[in-house]
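Notes for the one structure printed next.
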2 protein chains.
Amino acid sequence: MKKTPIWKAIADALRGDLAEGRYRTGERLPTEAALADRFGVNRHTVRHGISALVEEGLVHTRRGAGAFVAATPTDYPIGNRVRFHENLIAAGRRPEKQMLMLDERAATAGEAQALEIAAGDPVCAYHGLSLADEHPVAIFESIFPLVRLVGITQALKKTDGVTAALRLVGVDDFTRVSTRLTAVRATATQALLLQVAEGDPLLKTTGVNHSDLGQPVEYGRSWFAGDRITLTLET
Amino acid sequence: MKKTPIWKAIADALRGDLAEGRYRTGERLPTEAALADRFGVNRHTVRHGISALVEEGLVHTRRGAGAFVAATPTDYPIGNRVRFHENLIAAGRRPEKQMLMLDERAATAGEAQALEIAAGDPVCAYHGLSLADEHPVAIFESIFPLVRLVGITQALKKTDGVTAALRLVGVDDFTRVSTRLTAVRATATQALLLQVAEGDPLLKTTGVNHSDLGQPVEYGRSWFAGDRITLTLET
DNA sequence: GGAGATTTGTGCGTATGTATG
DNA sequence: TCATACATACGCACAAATCTC
């Protein structure tokens, strides 16, 4: 019989609560004092347990505010000095971009969190398809916060690219602050667009671009056909 | 001017010592009591700092024995030395590695090409499973060219990690020259090992590590459970 | 905007458990 | 067996950020 530390038992209990969906994304956990009281332990012991969840990426804390349920299930950083490079244009392939939809709507909770705006704030949604040699290779989706980027929708209609459109609304430079990669199944819609079978594996990337002022200006998601595309990371 | 906590300053100081090579790999750090005395702080404060280094993967601790240097990071100021698995481990979550198979055989055509050897040349194949919190998260497979790395199989048996094993056979340093990412379906075997359903999407990564002489010394492949793991790239 | 309460972060002290050598 | 060293856990105090009124 292995003896499990109290802090780990607390972490496990909380992780279980999260797994069961007893807390929603972004929701605040009980305070350390409340948890310490509930489990009948010292506040430090609770903190130790919570810190484990923070390391796992399940929870993030804000001093003075509380501990909140993180959006992502598990994140594994794989390096700080890695450049993300989409190597779509491998040897003589002609890339194209095709706009599928462009409209303005209210931000979902996840989009709002990524863009650091309030849920329901107006955003511009830009959907499209990337092709190489006339074969679809990826679906992309860019969300722009309208509160910061007035006129981005019109700019996207006029120009032919995100960079140019952002420049039109005053964002001369932006940097990608994070990229996340995971594998998912193709939904029916995605399968149709990418011309793969429903349920086929897709490589999903999500990322946020910040302006030089440090504000999020674009939340992008892409789905690559797993059997057709390989992303390469160059050091 | 930002105020840095004492524990962070201690972590930085120790990390600096490691970067300068003042401790060798495997060497024991001063005891917590000694460090607490040196820095004039409480032992808990030292522990907090050391725990940060443990999470980064720079140090590992053994109860009753001490804290030991895990790796000397020469890549701090400049450097494109991305140690894929080490960085995964740095994410914390009490990772484990479980060896599944270790044998010597002839290289397949693809392995030979990646390692720049002749097809059929003898290689060492090292298969394993990565776990976090006792849950499988990835399958890894490393192929080593025996023509360049005599005794690597025995070294892998003795040591507990690729880095240490390579050092045993004379490769003190190596660099990942490329990483490729794609999404695939889980085979029956992979599904069993990763405890997912057959056909579930997996994030597949492949990469080659070169020695400081520029020769390929390892061809690695990993399969991550797509619904459980997100790789993050930080700029 | 300001004052006070709340909540997390940091740090110290103490005690005991457990693995190591 | 015994001392050493890390691991866990409690308690106290204050700082810093946040939230509420």
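The values are calculated or read from the model by the stated rules, or taken from the named source; none is laboratory data. Remember, it's a predicted structure, so these values are computed and weren't measured experimentally. With ideal geometry, Cβ positions are generated from the backbone for all residues, glycine too; neighbour counts draw on all protein chains shown.
Things worth noting here:
- Residue pairs whose Cβ atoms lie under 8 Å apart, separated by 6 or more positions or on different chains, with the first residue in the stretch A:35-58 and away from every other protein chain (no Cβ under 13 Å) and the second part of a helix (DSSP H, G or I) and among the hydroxyl-bearing types (Ser, Thr, Tyr), are A:ALA36/A:THR45; A:PHE39/A:THR45.
- Pick from the stretch A:144-188, criterion among the hydrophobic types (A, V, I, L, M, F, W, C) and closer than 14 Å to A:GLY207 by Cβ, ranking: nearest to the other protein chains (Cβ to nearest Cβ): A:LEU181
- Residues of the stretch A:53-67 that turn out to be crowded, with 18+ Cβ neighbours inside 10 Å and either at pLDDT 85 or above or more than 15 Å from DNA strand D (Cβ to nearest atom) (or both), as a count: 5
- Criterion: surrounded by fewer than 22 Cβ atoms within 10 Å (Cβ to Cβ), modelled with pLDDT of 85 or more and outside the structural domain of B:GLU27 (by TED's automatic domain parsing) - qualifying residue of B:GLY151, B:GLY161: B:GLY151
- Residue match in the stretch B:178-189 (condition: out of contact with any strand residue (DSSP E or B) (no Cβ under 8 Å at 6 or more places or on another chain), surrounded by 15 or more Cβ atoms within 10 Å (Cβ to Cβ) and not β-branched (Val, Ile, Thr)): no
- Test: residue in the stretch B:90-102 that is at pLDDT 80 or above, within 28 Å of A:VAL54 (Cβ to Cβ) and not hydroxyl-bearing (Ser, Thr, Tyr): no
- Residue check for A:GLY79: under 28 Å from the mean Cα position of the chain (by Cα) and at pLDDT below 80: yes
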